[in-house]
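Report on one structure; see the data block that follows.
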Amino acid sequence: MDLIKTIEEQQKKEGSLNFSVGDTVKVHFEIIEGKTKRIQIYEGVVIAIKNTGVRKTFTVRKISYGVGVERVFPVYSPRVVRVEVVRVGKVRRSKLYYIRDKVGKGAKVKELIGAQATAYLERSRAASQAKIAAEQALKAEVKAEEAAEHTGAAE
């Protein structure tokens with residue numbers, strides 16, 4: 001295997017892509033302003049998922065004060081804290097670029113309802129919760145190690 005591919009495989013996070021095109025999502029994105037960090041939530045419709053491997057990105061479109069705004073997020077970025085599925089969209093295309101030309105109700109994506117949608121939402125929410133629990137466990141482990149180092153250094 002190529003050296004670059006091995007490095008990319010190490011940087012992948014499991015269960016990061018728990019949504020599909022057409023879904024309305026909330027992207028929790030970490031923003032660093034000087035020394036402060038904060039999490040900003042960007043909510044919109046996923047209109048495209050591009051590339052493969054570590055370079056995989058998804059485009060989210062929202063309407064802000066009557067103006068369409070699109071933002072591209074890397075799937076495996078450490079700044080993307082989590083992606084939460086709000087609504088499951090019913091689409092038959094992999095790219096929803098035609099939504100850019102639509103206005104008002106025409107720009108909406110039909111919602112997938114029924115047992116299939118409920119199962120999909122539960123699966124994505126369970127994956128999101130598992131990811132949050134794993135991150136919290138990792139943080140607790142790091143804090144415990146730091147506390148052990150401080151007590152060992154103090155003695």
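The values are calculated or read from the model by the stated rules, or taken from the named source; none is laboratory data. A quick note: this is a predicted structure, and the numbers were derived from the prediction, not measured. Because the Cβ atoms are built from the backbone with ideal geometry, glycine has one as well, and the counts that use them run over all protein chains shown.
The listed residues are GLU149, GLU135, and the only one of them that is farther than 26 Å from PHE29 by Cα and out of contact with any helix residue (DSSP H, G or I) (no Cβ under 8 Å at 6 or more places or on another chain) turns out to be GLU149.
Given the criterion within 20 Å of the chain's Cα centre (by Cα) and of a type outside the set (Gly, Ala, Ser), identify the matching residue among LYS102, LYS37, LYS108. So the residue among LYS102, LYS37, LYS108 that is within 20 Å of the chain's Cα centre (by Cα) and of a type outside the set (Gly, Ala, Ser) is LYS37. When segment 33-50 is filtered for residues that are of a type in the set (Val, Ile, Thr), touching a residue at least 24 places away in the same chain (Cβ under 8 Å) and out of contact with any helix residue (DSSP H, G or I) (no Cβ under 9 Å at 6 or more places or on another chain), the ones remaining, listed by number, are ILE39, VAL46, ILE49. If the condition is being under 29 Å from ARG93 (Cα atoms) and in a strand (DSSP E or B), then segment 1-39 contributes THR24, VAL25, LYS26, VAL27, HIS28, PHE29.
Restricted to segment 47-149, the set of strands (runs of 3 or more DSSP E) holding at least 1 residues that are surrounded by fewer than 11 Cβ atoms within 10 Å (Cβ to Cβ) comprises 57-64, 67-74.
Screening HIS28 with (1) on the phi > 0 side of the Ramachandran plot; (2) at pLDDT 90 or above; (3) not aliphatic (A, V, I, L, M) gives one miss only, at (1).
When GLY114, GLY89, GLY104 are checked against the criterion of being of a type outside the set (S, T, N, Q) and either within 30 Å of ILE7 (Cα to Cα) or modelled with pLDDT of 85 or more (or both), a single residue qualifies: GLY89.
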